[in-house]
Amino acid sequence: MSSLRSKNGGQHSMLKHILTVIQNSVQRSICLDAVTYSIGRSSYNTIVLEGNTLSRQHAILLRLPLADGSYRYRLIDGSVAGKRSTNGITVNGRRCQSWDLQSGDLIIFAEAVQAIYQIQA
């Protein structure tokens, strides 16, 4: 496992960011490490989801650097061009356009499509 050296010379372990997609009672876990991910029903997306209530490009995951050398992901409703999804996204029961994800967050993309975001050491 790789690590980063912090400003004070100590080691900062890299954490694993995992998105577990649950669709029709089937789970698949995706280890997140890229800067951006597009999510939707189009085959052109990085993370392809199935469902008639999903937009072709439903959401974006954007990696944001933190001061300590680690990072977090922000979930943004819609496409890179700024077009919002038709049915929106919900995180922890709250409808939102943008959300800085925390470990354990429950994301609802559509009626039968959800995901859990986790950070693991």
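Here are some notes:
- Of residues in the range 73-84 being open to solvent by 70 Å² or more (accessible area, probe 1.4 Å) and in contact (Cβ under 8 Å) with a residue 12 or more places away in the chain, the one nearest to residue 17 (Cα to Cα): 74
- Residues of the range 95-121 that turn out to be of a type in the set (Asp, Glu) and open to solvent by less than 60 Å² (accessible area, probe 1.4 Å), as a count: 2
- Failed criterion for residue 87 (all others in (1) of a type outside the set (Gly, Ala, Ser); (2) at pLDDT 95 or above; (3) surrounded by 13 or more Cβ atoms within 10 Å (Cβ to Cβ) hold): (2)
- Cβ-Cβ under 8 Å pairs, at least 6 apart or on other chains, the range 3-32 side at pLDDT below 50, far side outside any strand (DSSP E or B) and charged (D, E, K, R): 6/68; 12/68
- Restricting the range 39-65 to residues that are open to solvent by 20 Å² or more (accessible area, probe 1.4 Å) and β-branched (Val, Ile, Thr) leaves a set whose member that is farthest from residue 18 (Cα to Cα) is 53.
The values are calculated or read from the model by the stated rules, or taken from the named source; none is laboratory data. Keep in mind that what you see is a predicted model, and the values were worked out from it rather than measured. Ideal geometry is used to build each Cβ from the backbone, glycine not excepted, and the neighbour counts take in all protein chains shown. Just so you know, the surface numbers come from the protein's heavy atoms only, side chains and all, with ligands and any DNA or RNA stripped out. Shrake-Rupley method; radii C 1.70, N 1.55, O 1.52, S 1.80 Å.
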